[in-house]
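Read-outs: derived from the displayed coordinates by stated rules, not from any lab. All of these numbers come straight from a predicted model, not from anything done at the bench. Every residue, glycine as well, gets a Cβ built from its backbone with ideal geometry; the counts of neighbours run over all protein chains shown.
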């Protein structure tokens, strides 16, 4: 299951960069079918209005975030909204699927803009944060890069870590996608194991 989800996330991110060819369109259909199958399993027997939200959330919505919920932050700049937010949601989808077997909380990851992140200390003080997009369009990335160390880099992208917080970004939106692919391949499983205190 984990391998399938990693491949969905990686192929989904790759398709954004390579859209156009027949091969890519076939891969896109395959990825979407896999996502549909996972969502159908989630929704089987559920009220249609709850299709994309796990049932426990409808009962605990007022206290949905837990101490080990991972916050995925994007900038609120127009480029962030257009390009980085979709990559963040692909990562959220993967994290939620990895977290499903743990059965200890309904929300494993949440996507939010940097403006909202800074408005409330219940977010700013959280240790588990992955910031998507460059420091010029995402203030959380700026904060992480000013304190942390680069742990992976490509020609035009970087992954920086400050304790349990990561910044995943590139010189432009396509390079940020390359950084996200590298994060998914090299860091994601280790990171989730450390956050949830259990080996995958």
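List of remarks:
- Sorted by Cβ neighbour density within 10 Å, fewest at the top, the residues 110, 180: 110, 180
- Rounded, prolate or oblate (a/c below 1.5 giving rounded, otherwise prolate when a/b exceeds b/c) for the stretch 66-116 by Cα gyration tensor: oblate
- Counting neighbouring beta carbons within 10 Å and listing from fewest to most, the residues 144, 150 come out as 150, 144.
- Relative to its residue count, the stretch 51-196 spans a Cα convex hull of 109 Å³ per residue.
- DSSP-defined antiparallel bridges as percent of all bridges, the stretch 51-196, nearest 5: 45
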